[in-house]
Amino acid sequence: MRVLFHVQHLLGVGHLRRAELITEALADKGAEVTVALGGHPVPEIAFSRSHVVQLPPTHIRGADFKTLYDEADRPIDEAWRERRRDALLDLYRAVRPDMVLLELYPFGRWRFGFELEPLLELASQDKPKVKCVASVRDILVETKRPERLAKGLEIAKAHLDAVLVHSDPALFPFGETYPHADEIADITRYTGYVTEPAKRGSGEPTGDVIVSAGGGAAAGDLMQIILDARPLTALSDRVWRLYTGPRCSPEAFEALKERSGPTVLIERFASDFQARLDRAALSISQAGYNTVMNLLRAEVPAVVVPYDEGEETEQIFRARRLEALGHLTVLPTAQLSPETMAEAIGRTLARPQNLERRPIDLEGAGRTANILMELAGSA
(Lines give C-alpha, C1' and ligand atoms only; values in the text may rest on other atoms or scores of the structure.)
Protein backbone atom coordinates (compact mmCIF):
# COMPACT_ATOMS: atom_id res chain seq x y z
CA MET A 1 0.00 0.00 0.00
CA ARG A 2 1.26 3.46 -0.92
CA VAL A 3 0.18 6.30 1.38
CA LEU A 4 0.47 10.04 0.78
CA PHE A 5 0.35 11.70 4.20
CA HIS A 6 -0.04 15.49 4.35
CA VAL A 7 1.41 16.82 7.62
CA GLN A 8 1.42 20.51 8.58
CA HIS A 9 2.79 21.85 11.87
CA LEU A 10 2.64 25.51 12.87
CA LEU A 11 2.91 26.05 16.63
CA GLY A 12 4.07 22.90 18.41
CA VAL A 13 5.47 19.62 17.14
CA GLY A 14 2.89 17.29 18.69
CA HIS A 15 1.18 16.75 15.34
CA LEU A 16 4.54 15.83 13.85
CA ARG A 17 5.39 13.27 16.49
CA ARG A 18 1.94 11.66 16.33
CA ALA A 19 2.25 11.49 12.55
CA GLU A 20 5.71 9.97 12.83
CA LEU A 21 4.43 7.23 15.15
CA ILE A 22 1.65 6.45 12.66
CA THR A 23 4.13 6.23 9.78
CA GLU A 24 6.32 3.86 11.81
CA ALA A 25 3.34 1.61 12.51
CA LEU A 26 2.45 1.66 8.81
CA ALA A 27 6.02 0.77 7.88
CA ASP A 28 5.80 -2.20 10.26
CA LYS A 29 2.87 -3.39 8.12
CA GLY A 30 4.83 -3.01 4.90
CA ALA A 31 3.22 0.22 3.71
CA GLU A 32 5.21 2.78 1.72
CA VAL A 33 4.56 6.24 3.13
CA THR A 34 5.35 9.55 1.46
CA VAL A 35 5.10 12.49 3.86
CA ALA A 36 4.20 15.83 2.28
CA LEU A 37 5.73 18.10 4.92
CA GLY A 38 4.21 21.56 5.05
CA GLY A 39 6.18 23.11 7.91
CA HIS A 40 9.89 23.68 8.34
CA PRO A 41 11.86 20.47 9.00
CA VAL A 42 12.40 19.43 12.62
CA PRO A 43 15.59 17.32 12.73
CA GLU A 44 14.48 15.53 15.89
CA ILE A 45 11.35 14.25 14.09
CA ALA A 46 12.78 12.98 10.82
CA PHE A 47 10.22 10.40 9.63
CA SER A 48 13.17 8.11 9.04
CA ARG A 49 11.04 5.21 7.79
CA SER A 50 9.16 7.33 5.26
CA HIS A 51 9.99 9.29 2.13
CA VAL A 52 9.71 12.97 3.05
CA VAL A 53 8.96 15.57 0.39
CA GLN A 54 9.30 19.14 1.59
CA LEU A 55 6.55 21.43 0.31
CA PRO A 56 7.27 25.18 0.27
CA PRO A 57 7.26 25.62 4.07
CA THR A 58 5.11 27.98 6.07
CA HIS A 59 5.07 29.06 9.72
CA ILE A 60 3.42 31.47 12.13
CA ARG A 61 4.80 33.97 14.62
CA GLY A 62 4.05 33.28 18.25
CA ALA A 63 0.52 31.90 18.61
CA ASP A 64 -1.01 34.12 15.91
CA PHE A 65 -2.63 31.79 13.38
CA LYS A 66 -4.15 34.64 11.36
CA THR A 67 -1.06 35.22 9.22
CA LEU A 68 1.06 32.53 7.57
CA TYR A 69 4.63 33.33 6.53
CA ASP A 70 6.65 31.82 3.70
CA GLU A 71 10.23 30.52 3.69
CA ALA A 72 11.53 34.11 3.44
CA ASP A 73 9.40 35.16 6.44
CA ARG A 74 7.00 37.16 4.27
CA PRO A 75 3.20 36.87 4.51
CA ILE A 76 2.08 34.27 1.99
CA ASP A 77 0.25 35.53 -1.11
CA GLU A 78 -1.83 34.01 -3.88
CA ALA A 79 1.20 33.17 -6.00
CA TRP A 80 2.69 31.22 -3.08
CA ARG A 81 -0.59 29.36 -2.55
CA GLU A 82 -0.71 28.41 -6.21
CA ARG A 83 2.92 27.23 -6.16
CA ARG A 84 2.34 25.09 -3.11
CA ARG A 85 -0.97 23.69 -4.36
CA ASP A 86 0.65 22.70 -7.64
CA ALA A 87 3.58 21.06 -5.82
CA LEU A 88 1.18 18.95 -3.75
CA LEU A 89 -0.93 17.90 -6.73
CA ASP A 90 2.19 17.02 -8.69
CA LEU A 91 3.34 14.91 -5.78
CA TYR A 92 0.05 13.03 -5.78
CA ARG A 93 0.46 12.26 -9.48
CA ALA A 94 4.04 11.10 -8.94
CA VAL A 95 3.29 8.86 -5.94
CA ARG A 96 0.05 7.40 -7.32
CA PRO A 97 -1.06 6.52 -3.77
CA ASP A 98 -3.63 3.98 -2.68
CA MET A 99 -4.52 6.28 0.19
CA VAL A 100 -4.45 10.00 0.95
CA LEU A 101 -4.13 10.67 4.67
CA LEU A 102 -4.74 14.20 5.94
CA GLU A 103 -3.70 15.39 9.37
CA LEU A 104 -6.75 17.18 10.88
CA TYR A 105 -8.34 18.58 7.71
CA PRO A 106 -11.28 19.19 7.14
CA PHE A 107 -11.87 19.46 10.92
CA GLY A 108 -9.07 22.00 11.30
CA ARG A 109 -6.21 23.41 9.22
CA TRP A 110 -8.83 25.48 7.38
CA ARG A 111 -6.21 27.90 6.10
CA PHE A 112 -4.86 25.06 3.96
CA GLY A 113 -8.09 24.41 2.12
CA PHE A 114 -6.53 26.12 -0.91
CA GLU A 115 -4.42 22.98 -1.44
CA LEU A 116 -6.21 20.23 0.46
CA GLU A 117 -9.62 20.59 -1.14
CA PRO A 118 -8.08 20.34 -4.64
CA LEU A 119 -6.09 17.31 -3.43
CA LEU A 120 -9.25 15.60 -2.23
CA GLU A 121 -11.03 16.44 -5.48
CA LEU A 122 -8.16 14.98 -7.49
CA ALA A 123 -8.00 11.82 -5.38
CA SER A 124 -11.77 11.40 -5.59
CA GLN A 125 -11.43 11.06 -9.36
CA ASP A 126 -9.49 7.85 -8.67
CA LYS A 127 -12.04 6.28 -6.34
CA PRO A 128 -12.66 3.55 -5.38
CA LYS A 129 -8.99 2.60 -5.82
CA VAL A 130 -7.83 5.58 -3.77
CA LYS A 131 -9.17 6.07 -0.25
CA CYS A 132 -9.23 9.44 1.50
CA VAL A 133 -8.88 9.53 5.28
CA ALA A 134 -8.67 12.23 7.96
CA SER A 135 -6.46 11.73 11.03
CA VAL A 136 -7.89 13.70 13.97
CA ARG A 137 -6.80 14.10 17.60
CA ASP A 138 -9.12 13.70 20.57
CA ILE A 139 -10.09 17.36 21.05
CA LEU A 140 -10.76 20.03 18.45
CA VAL A 141 -9.97 23.65 19.30
CA GLU A 142 -13.06 25.77 19.81
CA THR A 143 -13.93 28.04 16.90
CA LYS A 144 -15.99 31.20 16.78
CA ARG A 145 -16.85 30.48 13.15
CA PRO A 146 -19.42 27.67 12.98
CA GLU A 147 -19.54 27.98 9.20
CA ARG A 148 -16.10 26.37 9.14
CA LEU A 149 -17.48 23.32 10.92
CA ALA A 150 -20.35 23.10 8.44
CA LYS A 151 -17.94 23.41 5.52
CA GLY A 152 -15.78 20.66 7.01
CA LEU A 153 -18.80 18.40 7.26
CA GLU A 154 -19.66 19.05 3.62
CA ILE A 155 -16.10 18.15 2.54
CA ALA A 156 -16.02 15.05 4.75
CA LYS A 157 -19.27 13.73 3.32
CA ALA A 158 -18.17 14.39 -0.24
CA HIS A 159 -14.65 12.96 -0.11
CA LEU A 160 -13.70 10.98 3.00
CA ASP A 161 -13.84 7.22 3.30
CA ALA A 162 -12.95 7.30 7.00
CA VAL A 163 -12.29 9.65 9.90
CA LEU A 164 -9.80 8.20 12.37
CA VAL A 165 -10.17 9.77 15.80
CA HIS A 166 -7.06 9.21 17.90
CA SER A 167 -8.91 9.02 21.20
CA ASP A 168 -10.50 6.66 23.67
CA PRO A 169 -14.23 7.41 23.33
CA ALA A 170 -14.79 6.60 26.99
CA LEU A 171 -12.57 9.59 27.79
CA PHE A 172 -13.27 12.01 24.92
CA PRO A 173 -15.94 11.12 22.36
CA PHE A 174 -15.53 13.06 19.11
CA GLY A 175 -18.94 14.67 19.48
CA GLU A 176 -17.84 16.49 22.62
CA THR A 177 -15.87 19.01 20.56
CA TYR A 178 -17.27 18.41 17.05
CA PRO A 179 -21.02 19.17 16.88
CA HIS A 180 -21.59 17.28 13.60
CA ALA A 181 -20.06 14.00 14.76
CA ASP A 182 -23.35 12.09 14.54
CA GLU A 183 -23.65 12.98 10.85
CA ILE A 184 -20.43 11.14 9.99
CA ALA A 185 -20.67 8.37 12.58
CA ASP A 186 -20.81 5.79 9.79
CA ILE A 187 -17.25 6.59 8.68
CA THR A 188 -15.76 7.43 12.10
CA ARG A 189 -13.35 4.96 13.71
CA TYR A 190 -11.71 5.37 17.12
CA THR A 191 -8.11 4.20 17.24
CA GLY A 192 -7.17 4.81 20.86
CA TYR A 193 -4.44 7.30 21.72
CA VAL A 194 -1.28 7.34 19.62
CA THR A 195 1.82 7.23 21.79
CA GLU A 196 5.05 5.33 22.33
CA PRO A 197 4.91 1.51 22.17
CA ALA A 198 4.24 -0.29 25.43
CA LYS A 199 7.43 -2.40 25.25
CA ARG A 200 10.33 0.00 25.62
CA GLY A 201 12.71 -1.99 27.80
CA SER A 202 13.09 -1.68 31.54
CA GLY A 203 15.38 -0.05 34.04
CA GLU A 204 15.67 0.92 37.67
CA PRO A 205 13.95 4.14 38.76
CA THR A 206 16.28 7.13 38.52
CA GLY A 207 14.37 9.45 40.83
CA ASP A 208 14.91 12.25 38.30
CA VAL A 209 12.53 15.14 37.75
CA ILE A 210 11.70 15.47 34.05
CA VAL A 211 10.66 18.93 32.84
CA SER A 212 9.43 19.36 29.27
CA ALA A 213 7.70 21.95 27.13
CA GLY A 214 6.49 20.16 24.03
CA GLY A 215 7.73 21.93 20.91
CA GLY A 216 9.24 24.64 23.09
CA ALA A 217 7.62 27.83 21.81
CA ALA A 218 6.76 28.78 25.40
CA ALA A 219 9.60 26.97 27.17
CA GLY A 220 11.70 29.85 28.43
CA ASP A 221 9.46 31.59 30.97
CA LEU A 222 7.88 28.32 32.15
CA MET A 223 11.20 26.66 32.82
CA GLN A 224 12.67 29.69 34.57
CA ILE A 225 9.76 29.61 37.02
CA ILE A 226 10.16 25.87 37.51
CA LEU A 227 13.85 26.33 38.35
CA ASP A 228 12.90 29.06 40.83
CA ALA A 229 10.49 26.59 42.44
CA ARG A 230 13.07 23.79 42.66
CA PRO A 231 14.65 24.78 46.01
CA LEU A 232 11.16 25.03 47.54
CA THR A 233 10.38 21.35 46.87
CA ALA A 234 11.18 18.05 48.54
CA LEU A 235 13.00 16.98 45.37
CA SER A 236 15.53 19.82 45.28
CA ASP A 237 18.44 17.37 45.68
CA ARG A 238 17.41 15.23 42.70
CA VAL A 239 18.63 15.51 39.13
CA TRP A 240 16.30 17.81 37.17
CA ARG A 241 16.39 17.23 33.41
CA LEU A 242 14.89 20.06 31.37
CA TYR A 243 13.94 19.43 27.73
CA THR A 244 13.11 22.72 26.08
CA GLY A 245 11.86 21.39 22.73
CA PRO A 246 13.24 22.28 19.29
CA ARG A 247 11.31 25.56 18.98
CA CYS A 248 12.72 27.16 22.12
CA SER A 249 14.46 30.36 21.00
CA PRO A 250 18.28 30.46 21.14
CA GLU A 251 18.10 33.33 23.64
CA ALA A 252 15.76 31.45 26.00
CA PHE A 253 17.82 28.27 25.67
CA GLU A 254 21.08 30.05 26.52
CA ALA A 255 19.46 31.79 29.49
CA LEU A 256 18.43 28.39 30.83
CA LYS A 257 21.87 26.89 30.14
CA GLU A 258 23.36 29.55 32.42
CA ARG A 259 21.48 27.90 35.29
CA SER A 260 22.62 24.37 34.49
CA GLY A 261 24.91 22.38 36.76
CA PRO A 262 25.62 18.84 37.98
CA THR A 263 21.99 18.29 38.96
CA VAL A 264 20.28 20.66 36.49
CA LEU A 265 20.68 19.43 32.92
CA ILE A 266 19.34 21.49 30.00
CA GLU A 267 18.79 19.87 26.60
CA ARG A 268 16.50 20.51 23.66
CA PHE A 269 15.38 16.95 23.04
CA ALA A 270 15.73 13.37 24.26
CA SER A 271 15.37 10.49 21.83
CA ASP A 272 14.66 8.25 24.84
CA PHE A 273 12.19 10.67 26.45
CA GLN A 274 9.56 8.02 27.18
CA ALA A 275 12.08 5.71 28.85
CA ARG A 276 13.30 8.58 31.03
CA LEU A 277 9.72 9.37 32.06
CA ASP A 278 9.13 5.71 32.90
CA ARG A 279 11.87 5.84 35.55
CA ALA A 280 11.30 9.38 36.87
CA ALA A 281 10.01 10.51 40.24
CA LEU A 282 8.03 13.43 38.79
CA SER A 283 7.15 15.11 35.51
CA ILE A 284 6.43 18.82 35.02
CA SER A 285 5.20 19.78 31.55
CA GLN A 286 2.61 21.41 29.39
CA ALA A 287 -0.47 19.36 28.46
CA GLY A 288 -0.34 18.69 24.74
CA TYR A 289 -1.64 15.44 23.28
CA ASN A 290 1.73 13.70 22.96
CA THR A 291 3.08 14.78 26.33
CA VAL A 292 -0.03 13.71 28.22
CA MET A 293 -0.04 10.32 26.52
CA ASN A 294 3.62 9.92 27.47
CA LEU A 295 2.61 10.63 31.07
CA LEU A 296 -0.21 8.11 31.01
CA ARG A 297 2.07 5.47 29.53
CA ALA A 298 4.68 6.09 32.22
CA GLU A 299 2.15 6.41 35.07
CA VAL A 300 4.47 9.00 36.62
CA PRO A 301 3.31 11.67 39.12
CA ALA A 302 2.77 14.77 37.03
CA VAL A 303 2.10 18.50 37.20
CA VAL A 304 0.93 20.13 33.97
CA VAL A 305 0.70 23.79 32.98
CA PRO A 306 -1.66 23.81 29.97
CA TYR A 307 -0.73 26.12 27.12
CA ASP A 308 -3.59 28.62 26.73
CA GLU A 309 -2.22 31.52 24.68
CA GLY A 310 -4.38 32.94 21.91
CA GLU A 311 -7.41 30.77 21.15
CA GLU A 312 -5.88 27.53 22.40
CA THR A 313 -8.42 25.60 24.52
CA GLU A 314 -7.42 22.02 23.82
CA GLN A 315 -4.78 21.54 26.52
CA ILE A 316 -6.78 22.85 29.46
CA PHE A 317 -9.82 20.81 28.43
CA ARG A 318 -7.80 17.59 28.28
CA ALA A 319 -5.88 18.31 31.46
CA ARG A 320 -8.94 19.09 33.58
CA ARG A 321 -10.61 15.82 32.54
CA LEU A 322 -7.53 13.78 33.47
CA GLU A 323 -7.08 15.68 36.73
CA ALA A 324 -10.64 14.74 37.69
CA LEU A 325 -9.73 11.09 37.08
CA GLY A 326 -6.67 11.36 39.33
CA HIS A 327 -3.97 11.13 36.66
CA LEU A 328 -2.26 14.50 37.14
CA THR A 329 -2.32 17.95 38.75
CA VAL A 330 -3.25 21.07 36.78
CA LEU A 331 -1.65 24.45 37.45
CA PRO A 332 -3.21 27.13 35.18
CA THR A 333 -0.87 29.62 33.55
CA ALA A 334 -2.64 32.54 35.24
CA GLN A 335 -1.73 31.09 38.66
CA LEU A 336 1.86 30.17 37.81
CA SER A 337 4.61 31.28 40.19
CA PRO A 338 7.52 29.54 41.95
CA GLU A 339 5.39 29.23 45.09
CA THR A 340 2.31 27.80 43.37
CA MET A 341 4.48 25.41 41.37
CA ALA A 342 6.16 24.14 44.54
CA GLU A 343 2.75 23.73 46.19
CA ALA A 344 1.41 21.78 43.18
CA ILE A 345 4.46 19.52 43.26
CA GLY A 346 3.90 18.88 46.96
CA ARG A 347 0.24 17.96 46.41
CA THR A 348 1.17 15.66 43.57
CA LEU A 349 3.83 13.79 45.53
CA ALA A 350 1.49 13.43 48.50
CA ARG A 351 -1.21 11.77 46.39
CA PRO A 352 -1.29 7.96 46.68
CA GLN A 353 0.19 6.55 43.47
CA ASN A 354 -1.24 3.03 43.69
CA LEU A 355 -4.85 4.07 43.15
CA GLU A 356 -6.94 2.01 40.75
CA ARG A 357 -7.71 4.18 37.71
CA ARG A 358 -9.81 3.48 34.66
CA PRO A 359 -7.48 2.22 31.92
CA ILE A 360 -7.12 4.44 28.86
CA ASP A 361 -6.53 2.96 25.42
CA LEU A 362 -2.97 3.90 24.38
CA GLU A 363 -2.52 1.50 21.45
CA GLY A 364 -3.59 3.93 18.75
CA ALA A 365 -0.53 3.74 16.48
CA GLY A 366 -0.83 0.06 15.71
CA ARG A 367 -4.62 0.17 15.50
CA THR A 368 -4.44 3.12 13.08
CA ALA A 369 -2.16 1.12 10.80
CA ASN A 370 -4.47 -1.90 10.98
CA ILE A 371 -7.54 0.17 10.07
CA LEU A 372 -5.78 1.85 7.15
CA MET A 373 -4.47 -1.46 5.77
CA GLU A 374 -7.94 -2.97 6.11
CA LEU A 375 -9.53 0.02 4.40
CA ALA A 376 -7.12 -0.30 1.49
CA GLY A 377 -7.70 -4.04 1.25
CA SER A 378 -4.09 -4.80 2.18
CA ALA A 379 -4.63 -6.35 5.61
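Once the Cβ-Cβ distance between Phe114 and Glu32 is put in as r, and R0 is 45 Å, what FRET efficiency do you end up with, to the nearest 0.05? E(calc), rounded to 0.05, equals 0.95.
Taking the longest Cα principal axis of the chain as reference, the axis of helix 364-375 is set at about 10 degrees.
Partner lysines whose Cα lies under 21 Å from the Cα of Lys66, excluding those fewer than 8 positions away in the same chain, are identified as Lys144, Lys151. Note on region 150-197: Kirkwood hydrodynamic radius from all Cα pairs is 11.4 Å, rounded to one decimal. Principal-axis analysis of the Cα atoms of the chain puts helix 289-298 at an angle of about 50° to the longest axis.
Work out, in µm²/s and without decimals, the Stokes-Einstein translational diffusion coefficient of region 288-379 at 37 °C, 0.692 mPa s, Rh from Kirkwood over C-alpha pairs.
My calculation gives 217 µm²/s for D.
A Förster radius of 25 Å combined with the Cβ-Cβ distance from Arg74 to Val52 puts the calculated FRET efficiency at roughly 0.55.
Sequence-ordered 3J(HN,Hα) estimates for region 94-107 from the Karplus curve with 6.51, -1.76 and 1.60 and θ = phi - 60° stand at 6, 6, 6, x, 8, 8, 10, 10, 10, 7, 5, 5, x, 9 Hz, glycine and proline given as x. For the chain, the longest principal axis of the Cα atoms and the long axis of helix 14-28 meet at an angle of about 60 degrees.
In order along region 215-228, the Karplus-derived 3J(HN,Hα) couplings, from 6.51 cos²θ - 1.76 cosθ + 1.60 at θ = phi - 60°, round to x, x, 4, 10, 6, x, 4, 4, 6, 5, 5, 4, 5, 5 Hz, and Gly and Pro are given as x.
How big is the charge dipole of the chain about its Cα centre, in debye rounded to the nearest 20, if each Lys and Arg gets +1 on its Cβ and each Asp and Glu gets -1 on its Cβ?
In total the dipole reaches around 440 debye.
Normalised by the number of residues in region 255-379, what is the relative contact order in percent for Cα pairs under 8 Å and 6+ residues apart? Reported relative contact order: 18 percent. What is the log10 of I(q)/I(0) for region 113-239, computed with the Debye formula using one identical point scatterer on each Cα and no solvent, at q = 0.11, 0.13, 0.18, 0.19 Å⁻¹? Log10 of I(q)/I(0), two decimals: -0.65, -0.79, -1.06, -1.11. Tell me the Kirkwood hydrodynamic radius of region 241-354 in angstroms, computed as one over the mean inverse distance between distinct C-alpha pairs. Taking the inverse mean of 1/r over all distinct Cα pairs, region 241-354 comes out at 15.0 Å.
Region 308-361: percent of C-alpha pairs farther apart than 12 Å?
71
Protein heavy-atom accessible surface, 1.4 Å probe, per residue over region 311-375: 50 Å². Out of every Cα-Cα pair that region 273-326 contains, those further apart than 13 angstrom amount to 55 percent.
The values are calculated or read from the model by the stated rules, or taken from the named source; none is laboratory data. Small disclaimer: the values here were computed from a predicted structure and weren't measured. For neighbour counting, all protein chains shown are included, and Cβ atoms are generated from backbone atoms with ideal geometry for every residue, glycine included. Areas reflect the complete protein model, heavy atoms only, side chains present, ligands, DNA and RNA absent. Shrake-Rupley method; radii C 1.70, N 1.55, O 1.52, S 1.80 Å.
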